[in-house]
Every structure is written in structure tokens, then in C-alpha cells.
Ligand SMILES: [Zn+2]
């Protein structure tokens, strides 16, 4: 009875990407789109069919499932998590995945829109996949490897562990979340029900990358209240909030302090929305930095710029509101160094060179880490995400599964002295 569901990771992936699971930032529902639930329902049925008996979908679109421990040792409960939704930036309807066997290194012209060309010139990492299989979409849609790759890899891990009892592991929790792409991936997550000690999101790019750091992130809303008067009789009285908003935007530094002028470990301030009337205007900003100190400094700098402008308009009033978005997961991970150490060990056992990396953004893991589940991000293989040129190497997908299989064993074997073991390294 299990044969029917005994798909390989790639077979699963090719099937999963054909399900439209796009999330919708305008929706007020949880999840934001019903189609995410339709897909997650399929995942539950497949988990039940391979013997993961407690797999279920809740009203908010989360899939929870447990692979029971098969060891006598007391091992922390480890969760593997990925998101089922695809980005609203690019169509996810009628995805037609194409498996390019033994990729020859030539430009790949996508058949449904021949202006979409995937080349080694644009994607250097593609060169490393010459001779191997890669997967692209047809040209009209994204592929959805972000994050169906993570989903397929975790499902393959589940299948592997259920069919290989000789591989020893503690309790493994599987979690599939909706709405990550619209920043609501953990909004309705039940941490008590999940009951895991440590977690890993499968939502990273090329093999070997291990992401243990994200931005600190706040949103800032500046409200300017002007003074309104009949424009025909407004001399000396009217104070136009829209013009003040324009002055604030014009006063922002041009060569630094913005997403378009920063990279690596530099933070920034970024206006994302302006609304208003002559009487009252609002500017929404996002502010980012890897350190809390830097985040505070960026916020204070923006406040000073704003106050300086307002100073020229004494009759106008200004409100400056800061809302926390997420914090750098590294703060939490540094208190639980084994989460990263064991991941590094699993990469090495999988013959991968570890590339630790910071994300100039956030993941579900940043929020999960501060919700009590320290949770770095592992690679899945996904490339050129949120675009029609999205692609993934089959070798990376298989490696991601191998890493997880090694990782559960490292956790089971945690009393062993990892440092004393020798391993081969590959580039
Ligand atoms: Zn993602």
C-alpha cells in the first residue's frame, strides 16, 4: 500500500509545483488563500499513507506531523519547517515544470515565453550543474521552488525515515506553514502543539549555505498633521502636510542609508508607502540592521531628519511610531550553539563545505527563534526565486535530504565527541 506514495524527492517536487499556492497580501483571511489549504491537504494524505499517523491540517492552514523517536536515548525534539505558499510577485497558476536532464551548459529558452532565457552568464551557479539535471518552469510563471523544494525535501525525509528504521533519531516534528511570503507565516502557529525544542527551516539557496543570521527589523509610521484652510484665503495659515512629507523624503541621504546603496552588513531605512491629503499625510518606512544598536541608530537618524524638517513648520504636528517586526535570530542561536554546530556536522558528513551566511531579510525562523524555537535556515537548492527564470538543481535537492538524514542522526548521537571525528571536505 505504501508503493503508491513512495515518490522520490524530484517526483514529489514536479507534482507539488503544479499546485497553485500563491498567497495574497490583500486578503484578511487565515490562510490568505484557500488554495494553500487544498495543497496542504494533499501533504497530509501522503503523510498518513506512509504511516505518519498524527499528520493533520488545522483551520489556519498549518500542517503538523510527528515522526516518533526510534531510540532509547533522550534526544531533543527537532522540527523541520517549510512554507507551502509561493510569492505574490509572479504568477503561480498553471506552473509547467520542465526537467532538463544532463544540462549541457547552453542557454535555456523557456518554451512558453521565449524572451525568458536562463544562461550561465546570468547565473554563475548554473555552471556547477552542467551534466546534472535541473528543473525550470515553462516561461509564464515562477517555478515555486521557493518553497516547494523545501516541502518536497522534508516529505522525502519523512518517507526515508519511515522506511529506514535502522536510522536512529529522536522525535521529529514536521511543520508546513502558509503565508510566509506575505510575512504571516507564524501568525497562527501553535507552539504548544508543535512542542519542539529546536528547528530548521528549509528555505535557503545553493547547497552548503547555512543561514544563522537575519536583519533586525522595525516598521516606522510618520504621521504629519498640517493646518487646513480654504486655499483662496490661506495665506499665512495653511500648512500642507503633503509638502512636508515630500520634504522629508527629499531630505533622506542619497548615497547611503538606503537599500539601493547598501550591501553586506550595512543596514538601511526605506520608505515603502506614502498616503495623504493636504491636511494629513503618512509615510511608512521599514528600518533594518544586523545589530540592535544599529537599528536604534538608524531609527534615531530618521527621527532627526524628520524633526529638522518639522522645525521649519512650527504649526505642523508630527507623530513618529515604531513597530517591531522581527529580530536577528543569531541572538537566540548564540545561546544554543549546538543547533548550528550539529548542522555544520551534518553538512560535513554530507561532503559539503559549510558556507555560513547572513540574510539581508527575515525568515520564518527569525520569528520562530524568538517564539522559543531556535531555528536557522538550511539550503534547498532554489535559485532566481520569485521570477520566471526560477530554477533548481536536482543534485542540491538530494543533498538537502541527505543533510537532514545526517542531522537527525547527529542529534541522536549528541553525546559523541564530534570534534574527534575526521571528515573529507569537498568544494
Ligand atoms: Zn521562501
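All of the numbers you see were taken from the coordinates with simple rules; none came from a lab. All of these numbers come straight from a predicted model, not from anything done at the bench. Methodologically, a virtual Cβ is constructed for each residue, glycine included, from the backbone with ideal geometry; neighbour enumeration extends over all protein chains shown.
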query: Helix 241-250: angle to the longest alpha-carbon principal axis of the chain, degrees 0 to 90, nearest 10?
result: 60
task: Please work out the C-alpha center-to-center distance from segment 236-313 to segment 355-385 and express it in whole Å.
output: 28
task: Give the angle, between 0 and 90 degrees and rounded to the nearest 10, that separates the Cα long axis of helix 338-349 from the longest principal axis of the Cα atoms of the chain.
output: 50
field: Between segment 44-89 and segment 163-186, the alpha-carbon center distance in angstrom
entry: 5
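Please report, in whole Å³, the volume per residue of the convex hull around the C-alpha atoms of segment 43-146.
188
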task: Please report the relative contact order for the chain, taking Cα pairs under 8 Å with a sequence separation of at least 6, and give it as a percent rounded to a whole number.
output: 22
message: Taking the number of other C-beta atoms within 10 Å as the exposure measure, put 130, 154, 98, 78 in order starting with the fewest.
response: 130, 98, 78, 154
- prompt: Any idea what angle helix 292-311 forms with the longest principal axis of the chain, computed on alpha-carbon atoms, 0 to 90 degrees, nearest 10?
  reply: 20
